[in-house]
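Contents: one structure, followed by commentary.
The values are calculated or read from the model by the stated rules, or taken from the named source; none is laboratory data. Just so it is clear, the model here is predicted, and its values are computed rather than measured. Backbone-built Cβ (ideal geometry, glycine too); neighbour counts: all protein chains shown. What goes into the accessible areas is simple: the full protein's heavy atoms, side chains included, and nothing from ligands, DNA or RNA. Shrake-Rupley method; radii C 1.70, N 1.55, O 1.52, S 1.80 Å.
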Amino acid sequence: MSSITVEPCTFALFGALGDLALRKLFPALYQLDRAGLLHDDTRILALAREPGDARTHLAHIDSQLRQYVGDKEIEDAALNRFVARLSYLHVDFLKAEDYLALAEQAGTAQRLIAYFATPAAVYGAICENLSKVGLTDNARVVLEKPIGSDLESSRKVNDAVAQFFPETRIYRIDHYLGKDTVQNLIALRFANSLFETQWNQRYISHVEITVAEKVGIEGRWGYFDKAGQLRDMIQNHLLQLLCLIAMDPPADLSADSIRDEKVKVLKALAPITAEGLTTQVVRGQYIAGYSEGQSVPGYLEEENSNTQSDTETFVALRADIRNWRWAGVPFYLRTGKRMPQKLSQIVIHFKEPSHYIFAPEQRLQIGNKLIIRLQPDEGISLRVMTKDQGLDKGMQLRSGPLQLNFSDTYRSSRVPDAYERLLLEVMRGNQNLFVRKDEIEAAWTWCDQLIAGWKKSGDAPKPYAAGSWGPMSSIALITRDGRSWYGDI
């Protein structure tokens, strides 16, 4: 059993029959229970709009749980204990009278945690109805992204929630922040003088952040076509990663100290001008191509598509941070759908030695790189230059890794899913892996200027074949600066 102390709670999951809940949240809660991290008295209320027999819905949750967890990690005793915690309630989230049954089930004996796996448009109504039945006192609320579609709409959502919950009890989810490797950025940077003393413009040439998805829109046309890749990925995931890489050392590990430093980074991002939209930013939209040897349709050919859509499925851009630490160091961000592989990684490129003493033809090899992989295999690799082995090699250089692969290094324990850690931290009342309101607003402020610039210019996204690394202009974006995307093949 774990030594971590977690208080008992009533975990109310709104949208319990949706894809996110079935695919991620119930499996995460089961794994916490399996690891002994749920209090014996913790209960889980599955809330959804679907009427019908509760036993039927609970049986569906059970079958989906088995599917997404997998046979190897299903333990009968743990599963039986977990299922015994579950109750199903039919609730129309917009009807206040439906919350009376929830209030009766939840009671006031232990803390309520309300998780909103629903569209953000109903966050305010759910909070108001919880308040009407006396369930907001001392409760915590968890908000899923996206929170709004721009600065104005995000403020409306956040303000609606803030009428009933103080900031100290609001937990905004970005599941990337729950990944072990992302949290290791804090330890890697601030616990190792090897890196922290060189984590600035004097020693770092440039930084890449790539989040590539092999899949298309997976039936999410209605949502995705209104959002696009910038809103869906860059405004939250990629900018959060950028903040953790670029922030100054926080005063301590408290939630507000860390989030204060992240906000400073977002506010220091240089605006991208109208001229910069043509040289610093590339929008793309995938057309028909091949994925894993199979023919796949283009974005405009997907089921229920709008054939006139100009929504981007790919974005590459250069971001610059206006402060002493990062002056002159470009951050290249790239994300897209229908890429050749599923890949999330950060590459820190260190500058070359100022005095070069080896054979001139080897100079192109020079350059240490710190590679931080978030998926598919979490790990950290530092590429260093060493002498090649062999009597006939002389001083021939080779680039090789000093590598930490989490799945190899920690064979005795499974690497927890990001949602497991995030749900545990909500129960513990720790906010340092969650996003504060001013972070959301600063990120939207920067992204809104790009959206406005695209709208004003009227330029359509550039086509790229499914299964490729995006439009050719995204390669030109980085080669224009004398660099290339790491690892593209």
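Results, tabulated for the structure shown:
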{"read-out": "Some residue of the stretch 223-234 being closer than 19 Å to M339 by Cα, open to solvent by 10 Å² or more (accessible area, probe 1.4 Å) and of a type in the set (V, I, T)", "value": "no"}
{"read-out": "Yes/no for V122 being open to solvent by 30 Å² or more (accessible area, probe 1.4 Å) and either within 30 Å of T311 (Cβ to Cβ) or touching a Leu at 6+ places or on another chain (Cβ under 6 Å) (or both)", "value": "no"}
{"read-out": "Boolean, I113 is assigned by the TED database to the domain that holds L20, at pLDDT 95 or above, among the β-branched types (V, I, T) and open to solvent by less than 70 Å² (accessible area, probe 1.4 Å)", "value": "yes"}
{"read-out": "Long-range neighbours under 7 Å by Cβ, at least six apart or interchain, first residue assigned by the TED database to the domain that holds A121 within the stretch 153-170, second hydroxyl-bearing (S, T, Y)", "value": "none"}
{"read-out": "Any hit, the stretch 79-90, residues being over 23 Å from E144 (Cβ atoms), in contact (Cβ under 8 Å) with a residue 24 or more places away in the chain, assigned to a loop (DSSP other than H, G, I, E, B) and open to solvent by 10 Å² or more (accessible area, probe 1.4 Å)", "value": "no"}
{"read-out": "Helices (runs of 4 or more DSSP H) (entirely within the stretch 147-247) containing at least 2 residues that are closer than 25 Å to A327 by Cβ", "value": "180-190, 193-196, 239-246"}
{"read-out": "T197 in the same structural domain as Y286 (by the TED database), under 30 Å from S354 (Cβ atoms) and β-branched (V, I, T)", "value": "yes"}
{"read-out": "Contacts under 6 angstrom Cβ, first residue in the stretch 300-316 being at positive phi, partner of a type outside the set (K, R) and buried (at least 16 other Cβ atoms within 10 Å of the Cβ), 6 or more apart", "value": "N304/W221"}
{"read-out": "Filter result for R66 (under 27 Å from the mean Cα position of the chain (by Cα), farther than 17 Å from T118 by Cβ and open to solvent by 20 Å² or more (accessible area, probe 1.4 Å))", "value": "yes"}
{"read-out": "All positions within the stretch 317-335 that are on the phi > 0 side of the Ramachandran plot and buried (at least 21 other Cβ atoms within 10 Å of the Cβ)", "value": "none"}
{"read-out": "Flag for A212 being free of Cβ contacts under 8 Å to residues at least 60 places away in the same chain and of a type outside the set (D, E)", "value": "no"}
{"read-out": "For G293: the one exception among (1) closer than 18 Å to M339 by Cα; (2) touching a residue at least 24 places away in the same chain (Cβ under 8 Å)", "value": "(2)"}
